[in-house]
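Chemist: Here it is, the structure in full.
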Amino acid sequence: MKEQILKKYPYRIELHAHTAPASACSHLKPEELVQLYHEKGYDGVVITNHFDPDKLSLDKKEAVSLLLQDYIRAKEAAKKYAMTVYLGVELRFQENINDYLIYGVDEKLLEIFYDYIPTDVVTFRREVALPHSVFLQAHPFRGGMTLCDAELLDGMECLNLHPRHNSAVGLATQYAYQKALRIKIAGSDCHDRGDQGMTALRCKALPEDSFQLAQLLKTGDYVFEIGGASLWIP
Ligand SMILES: [Zn+2]
Ligand SMILES: [Zn+2]
């Protein structure tokens, strides 16, 4: 049974990873991150660097370019491995320290997101239409987080497998099912050597870009591999 599922969903993608300098907290250059994931046999990785109030010390152009540069470097490095790199983002508003993962991201959207960092999630969701993206709360039960109104979310990162944070993943998963959130995901939240590849989204066909990935997440046609050996069918 498990073998059949693995065969049916052969492609593996990391949904949550950080690189430096775009994320100051990461210890991995884009090239290093890509190499680590290649060594783990991944087909794709989403670069979800922080876009938070710290970035407001830069002007919009500089802040967007900081994120784009890491993505471009990763994409370039991935060419020799035939790996696909996707642009994602982990957005934080000034109102609190909640993080939101967005898939289906490009330069234009990053420019819009920058303008909303000084605001709050309610304003953002009311004013910014994201028909081709998905908006999820990251690690919602980690210390210091405020649960976002489920009505504002497309989904939730239930299993954040960052090894140095307790994200109370059982509570997050239970909550996501209770609220019948459409999209439930797992991510390694990779910041350093040794964090890579705690989980993978497994899919039937590899999305070509960030927007196709968002579309895939909406379909629900995927499974997650946890710790390399177990399967989670969300
Ligand atoms: Zn970080
Ligand atoms: Zn993160």
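Chemist: For GLY41, what is the net charge nearby, where nearby means another residue's Cβ is under 14 Å from its Cβ and Lys, Arg count +1, Asp, Glu -1?
Modeler: -1
Chemist: If you restrict to DSSP beta bridges whose two residues both lie in region 2-232, what percentage is antiparallel, to the nearest 5?
Modeler: 50
Chemist: Using unit Cβ charges (K, R positive; D, E negative) and no other charged atoms, how large, in debye to the nearest 20, is the dipole of region 37-160 about its Cα centre?
Modeler: 400
Chemist: Another question, if that's okay. Work out how much length LEU152 to THR119 would gain on full extension: take 0.36 nm times their residue separation and subtract the Cα-Cα distance, in nm to one decimal.
Modeler: Value of the extension gain: 10.4 nm.
Chemist: Now for a different question. If the only charges are +1 at each Lys and Arg Cβ and -1 at each Asp and Glu Cβ, what is the size of the charge dipole of region 2-232 around the Cα centre, to the nearest 20 debye?
Modeler: 760
Chemist: Can you list which of the GluC sites (Glu not before Pro) found in region 71-100 are DSSP loop residues with at most 16 other C-beta atoms within 10 Å?
Modeler: Sparse-neighbourhood loop GluC sites (Glu not before Pro): GLU95.
Chemist: Let me ask something else about it. Can you give me the long-range amide H partners of VAL89? Hydrogens built in the peptide plane at 1.01 Å from N, cutoff under 5 Å, separation of 5 or more residues or another chain.
Modeler: Counting only residues 5 or more places away or on other chains, the set is ILE102.
Chemist: List every DSSP H helix in the chain whose Cα atoms extend 18 Å or more along the helix's own long axis and whose mean Kyte-Doolittle hydropathy is at least -1.0.
Modeler: Answer set is 60-78.
Chemist: In a shell of Cβ-Cβ distance under 12 Å around SER23, excluding SER23 itself, what net charge do Lys and Arg (+1) and Asp and Glu (-1) give?
Modeler: So the environment of SER23 carries a net charge of -4.
Chemist: Taking H as built 1.01 Å from N, whose amide H comes closer than 5 Å to the amide H of PHE135, not counting residues under 5 places away?
Modeler: ASP154, GLY155
Chemist: So how long is each side of the chain along the principal axes, counting just the alpha-carbon atoms, biggest first, in Å?
Modeler: 48, 42, 33
Chemist: So, in Å, what gap is there between the alpha-carbon centers of region 161-190 and region 44-60?
Modeler: If we compute the Cα centre of each part, the gap is 22 Å.
Chemist: If you don't mind, there's one more thing I want to ask. Pick out, from TYR175, GLY143, LEU130, the residue whose Cα sits farthest towards the positive end of the charge dipole of region 122-198, with +1 on the Cβ of Lys and Arg and -1 on the Cβ of Asp and Glu.
Modeler: Ranked along the dipole, the leading option is TYR175.
Chemist: Tell me what the chain gives for mean residue ellipticity at 222 nm when only DSSP H runs of n ≥ 4 count, each as -39,500 (n - 2.57), the sum divided by the residue total, rounded to 500 deg cm²/dmol.
Modeler: It lands at -9500 deg cm²/dmol.
Just so you know, all these numbers are worked out from the coordinates, no wet-lab data involved. Keep in mind it's a predicted model, so treat the numbers as computed, not measured. Backbone-built Cβ (ideal geometry, glycine too); neighbour counts: all protein chains shown.
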